[in-house]
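Enquirer: This structure is in structure tokens; I'll ask about it shortly.
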Amino acid sequence: MGLNHFQFLIIVLFSFICDLDVFFTKYARDHNHRNLISHSIIPSILILVIGIFFNWNVLIIASIAYAFHIIIDTFDWGTNFFYFNQKTIGFRLLITKEEEENLEKFLSEFKVRASFFDFKYYNSRVSIGLEIILFFLMVFFQILFALEYIYILPIYFFFLYFHLSRHSRLKKVEERNIKSDN
């Protein structure tokens, strides 16, 4: 199945589009963008049904890419996988039972509540290790199956910059907060 540039871009877009829900965090339960319907398996199923209905393999592959992203997100913090039950599902490897049960207490230790999650993520060797492994797998499969689209790879670095600059801003805010407390 040969893909043209537009079709390949659709698949790439659907592999990360669910993370754009971060801009709608204020509407989510507990202000957690992973509680929005976009971080459930439902959009992936809808995309799959549309792809099957129109017999368009691009949407079928895009639905798999979307679902893969949601499944990966269940490992660190979990997602509202089925959405309607309003329950976070996943391994939740980055949060302890105590932190989950007393989340408000832990969040109150930070000037910006998101810092708790951000710092836990970037201070985890497992998270960083998985990010590096997934990056190399992405590049490997890109070279193996779609070398002609390697020009799309810089998109990854744009979003990596977005994440790292956000992390840097949060660190500065929290460092200023600590200095002002002393």
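The values are calculated or read from the model by the stated rules, or taken from the named source; none is laboratory data. This is a predicted model, so every value here is computed, not measured. When we count neighbours, we look across all protein chains shown, and the Cβ atoms used for this are built from the backbone with ideal geometry, even at glycine.
Enquirer: Does segment 144-155 contain at least one residue that is in a loop (DSSP other than H, G, I, E, B) and either within 15 Å of the chain's Cα centre (by Cα) or not assigned by TED's automatic domain parsing to the domain that holds Ile72 (or both)?
Expert: So far as segment 144-155 goes, yes, one or more of its residues are in a loop (DSSP other than H, G, I, E, B) and either within 15 Å of the chain's Cα centre (by Cα) or not assigned by TED's automatic domain parsing to the domain that holds Ile72 (or both).
Enquirer: Only one of (1) outside the structural domain of Asn177 (by TED's automatic domain parsing); (2) at pLDDT 90 or above fails for Trp77. Which number is that?
Expert: Unmet condition: (2).
Enquirer: For Phe54, work out the one condition from (1) modelled with pLDDT under 95; (2) surrounded by fewer than 14 Cβ atoms within 10 Å (Cβ to Cβ); (3) of a type in the set (Phe, Trp, Tyr) it doesn't fulfil.
Expert: (1)
Enquirer: Right, something else. Against the condition touching a residue at least 24 places away in the same chain (Cβ under 8 Å), under 22 Å from Ile178 (Cα atoms) and outside any loop (DSSP other than H, G, I, E, B), how does Lys120 come out, does it pass?
Expert: So Lys120 passes the test.
Enquirer: Restricting to segment 35-80, count the residues that are hydrophobic (A, V, I, L, M, F, W, C), within 24 Å of Leu103 (Cβ to Cβ) and assigned to a helix (DSSP H, G or I).
Expert: 5
Enquirer: Residues of segment 94-117 being closer than 18 Å to Ile178 by Cα, of a type in the set (D, E, K, R) and assigned to a helix (DSSP H, G or I), which ones?
Expert: Lys105 - this is the single residue of segment 94-117 that is closer than 18 Å to Ile178 by Cα, of a type in the set (D, E, K, R) and assigned to a helix (DSSP H, G or I).
Enquirer: In addition: Could you identify the single residue in Ser38, Ser63 that is over 20 Å from Phe23 (Cβ atoms) and touching a residue at least 12 places away in the same chain (Cβ under 8 Å)?
Expert: Residue meeting the stated conditions: Ser63.
Enquirer: Out of the residues in segment 11-42 that are of a type in the set (S, T, N, Q) and surrounded by 21 or more Cβ atoms within 10 Å (Cβ to Cβ), state the one that is modelled with the lowest pLDDT.
Expert: Selected residue: Asn35.
Enquirer: Filter segment 57-74 down to the residues that are surrounded by fewer than 16 Cβ atoms within 10 Å (Cβ to Cβ) and among the aromatic types (Phe, Trp, Tyr) and list them by number.
Expert: Once the filter is applied, which keeps residues that are surrounded by fewer than 16 Cβ atoms within 10 Å (Cβ to Cβ) and among the aromatic types (Phe, Trp, Tyr), segment 57-74 yields only Phe68.
Enquirer: Out of Glu100, Glu109, report the one residue that is at pLDDT 90 or above and not small (Gly, Ala, Ser).
Expert: Glu109
Enquirer: Among the numbered conditions (1) of a type in the set (D, E, K, R); (2) in a loop (DSSP other than H, G, I, E, B); (3) modelled with pLDDT under 90; (4) outside the structural domain of Ile17 (by TED's automatic domain parsing), tell me where Lys87 comes up short.
Expert: (4)
Enquirer: What's the number of the condition Ile133 fails, among (1) surrounded by 11 or more Cβ atoms within 10 Å (Cβ to Cβ); (2) within 23 Å of Ile70 (Cα to Cα)?
Expert: Tallying (1) surrounded by 11 or more Cβ atoms within 10 Å (Cβ to Cβ); (2) within 23 Å of Ile70 (Cα to Cα), Ile133 fails exactly one: (1).
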